[in-house]
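Undergrad: This is the structure I want to talk about, given as structure tokens.
Every read-out reported here was derived from the displayed coordinates using simple, explicitly stated rules and does not represent laboratory data. Since we're looking at a predicted model, the values are computed, not measured. For neighbour counting, all protein chains shown are included, and Cβ atoms are generated from backbone atoms with ideal geometry for every residue, glycine included.
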């Protein structure tokens, strides 16, 4: 029996790595996750292929909604392209997002998307982020696309110091 006949679930890479094959049956994931997973865990390929996953990209509208949300919350600077695609797919299929990624949980909570964890406790409150200079404290505009270097947000145009994501209440 597959749980997903009742509930649509969009899996992040943590679920693809740790869940048993039978539990993944009928769940959604993005093709870019498949590519990433096969690079990181080539031994998982046969297992993943037998899991009967639904490999799907979101439509452009869902991707735009996910992008706007990530910009508004300040989470964009900490996301990868794959993360943004997973969020967009959750919006597109109106599915529950299964993730241990706190940023994705934060975004899902902000958007009213159901989410569950793979193996962590998950977030307890919603956060917003700002991109701030570590020296002069100037607040910089959020990027319009995911950051390819996740923890390298560039330098301040005013003083040349590193930028950092800062949680705001």
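Undergrad: Taking the condition of being within 20 Å of residue 9 (Cα to Cα) and surrounded by fewer than 14 Cβ atoms within 10 Å (Cβ to Cβ), how many residues in the stretch 35-46 meet it?
TA: 1
Undergrad: Quick check: is even one residue across the stretch 117-128 farther than 27 Å from residue 24 by Cα, touching a strand residue (DSSP E or B) at 6+ places or on another chain (Cβ under 9 Å) and surrounded by 13 or more Cβ atoms within 10 Å (Cβ to Cβ)?
TA: yes
Undergrad: I need a count of the residues in the stretch 118-144 that are without any contact (Cβ under 8 Å) to a residue 24 or more places away in the chain, under 16 Å from the mean Cα position of the chain (by Cα) and part of a strand (DSSP E or B).
TA: Going through the stretch 118-144 one residue at a time, the tally reaches 0.
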